Each structure stands twice: as C-alpha cells, then as structure tokens.
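Asks: Take a look at this one; I'll ask things after.
The values are calculated or read from the model by the stated rules, or taken from the named source; none is laboratory data. Being a predicted model, the structure only gives us computed values, none of them experimental. Heads up, the Cβs are rebuilt from the backbone with ideal geometry, glycines too, and the neighbour counts pull from every protein chain shown. Just the protein is used for accessible areas: all its heavy atoms, side chains included, with ligands, DNA and RNA removed. Shrake-Rupley method; radii C 1.70, N 1.55, O 1.52, S 1.80 Å.
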Amino acid sequence: MLFRIVAAVLFSTAGGIAGISFSERLKTELELCKSIREMFMNSAMIIRCRAVDVYYLSSELRQNGQLFRLTFLNEIPESYSQQDDFHEIWKNAVNSQKNLPDDEKKLLCDFGEVLGRSDIEGQLVSINALEETAVMLEKKRSEACSQKGKLYRSVGMLFGVMVGILVI
C-alpha cells in the first residue's frame, strides 16, 4: 500500500512538472519575441544614427546584453569576406537556432534580407514594418502564455493526480 501511495505522489508530481514545462516553453517564446522586437528597435537606432554596414551592425547587436536569447548572432562574422554572402549567412544562422518558433524565424529572415539592400531610409521603413509585425506576434504570444500557460499547468497536475488515483 505504501508503494502505491508513493507512486501516486510521484505521478502527481510528474504531471505537475510536465504542465509547468509546457507553460515555460510558452514563456520562453514570448521572451524571444520581446528580444526580437528589441533587436529591431536597436538596429533602427544604430542605422539611423551611425549609418553602419551590416557586419558592424551585427557586431553591435551581439554585444548588446539584452539580446542574449538570440544566440544566432554569435554565428555572424564580424568582418566582410569576399566569398561570403551576408544574407545567406544570416539566414543559416537564424535557422541554426533551434528554440526559435517558425514565425520568429521567418521574421528574422525577412529582417536579414532588408539589411544592406537599400539606402538608410528604405531600411528604416522596412525595419519599422517588421517591428509592427513583431509587436502583433508579441501580443499573440502574450495571450497564449496567459491563457494556455494556466491550462497546461492545471491539466498537467490533473492528469498526474488522475493517474495517481488509478494507481491506488
């Protein structure tokens, strides 16, 4: 009987942990989205004030402590090389970061295509449009985090307790 009670408690705990894990994944996606929006704002400011090239911009973004979640920035070279295509490097770096959802990957790939393709004003207009998309995506992630997060935690615990009861 003691074994069954211990097993029931363990199943309940495991269900709760699974629910919390799913909830934390939603929270991580929201934080990534906030980091992307922050990166867009910083990029627009750097381009507007300094008129730098794409390699210097990526180096500046890499040094920004608020963007630590965007690990793909570490894969972008700091200087120009004749055989390299920056836009292809950017796309490959974005795709190499595994914890980015598809919507964020597409947004970041679009951002990489914008960089260095036109004059300063053209880049700023495009970045502003991408930033608006990021704001909408952030709202979507925030709603999902608040609604589904509670659901995942509750359902995880409920299933854990249910299996625990079945064991007893």
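Asks: In whole Å, what is the distance between the alpha-carbon centres of the range 112-126 and the range 1-47?
Replies: 35
Asks: What FRET efficiency would be calculated for the residue pair ASP53, SER154, taking the C-beta separation as r and a Förster radius of 45 Å, to the nearest 0.05? If you can, show how the numbers build up before the last one.
Replies: Details: r = 51 Å, r/R0 = 1.12.
That pair, ASP53 with SER154, gives E of 0.35.
Asks: Considering Cα pairs under 8 angstrom that are at least six residues apart, work out the relative contact order of the range 17-168 and quote it in whole percent.
Replies: Working: 132 pairs, mean separation 62.4, N = 152.
RCO, the range 17-168: 41 percent.
Asks: Under a 10 Å cutoff between Cα atoms, tell me which one of SER142, SER35, SER81 has the largest fluctuation in the Gaussian network model of the chain.
Replies: Per the Cα network of the chain with a 10 Å cutoff, SER81 tops the list.
Asks: Name the residue, out of ALA44, ALA14, ALA93, whose mean-square fluctuation peaks in a Gaussian network model built on the chain with Cα pairs under 10 Å.
Replies: ALA14
Asks: What is the angle, in °, between the Cα long axis of helix 2-50 and the longest principal axis of the Cα atoms in the chain? Nearest 10 is fine, range 0 to 90.
Replies: Between helix and principal axis, roughly 10 degrees.
Asks: Pop out the ³J(HN,Hα) list for the range 77-84 in order, Karplus 6.51 cos²θ - 1.76 cosθ + 1.60 with θ = phi - 60°, rounded to Hz; leave Gly and Pro as x.
Replies: x, 8, 9, 6, 10, 4, 7, 9
Asks: Also: Taking the chain, how many lysine pairs are there with alpha carbons less than 21 Å apart, if each pair must be eight or more places apart or span two chains?
Replies: Counting lysine pairs in the chain gives 27.
Asks: Continuing with the same structure: P(r) tail for the chain, what percent of Cα pairs lie past 24 Å?
Replies: Numbers: 6631 of 14028 pairs.
Summing the P(r) of the chain above 24 Å gives 47 percent of all pairs.
Asks: I need the phi-derived Karplus couplings for the range 134-146: 6.51 cos²θ - 1.76 cosθ + 1.60, θ = phi - 60°, integer Hz, Gly and Pro marked x.
Replies: Taking θ as phi minus 60°, the curve returns 5, 5, 5, 5, 5, 4, 4, 5, 5, 5, 5, 5, 6 Hz for the range 134-146.
Asks: Additional query: Rolling a 1.4 angstrom probe over the protein heavy atoms, how many square angstrom per residue are accessible across the chain? Each step should come with its number before you reach the end.
Replies: Working: 9950 Å² over 168 residues.
Value for the chain: 59 Å² per residue.
Asks: Read phi for every residue in the range 96-111 and hand back ³J(HN,Hα) as whole Hz from Karplus 6.51 cos²θ - 1.76 cosθ + 1.60, θ = phi - 60°, with x for Gly and Pro.
Replies: 7, 7, 6, 8, 8, x, 4, 4, 5, 4, 5, 4, 5, 5, 4, 4
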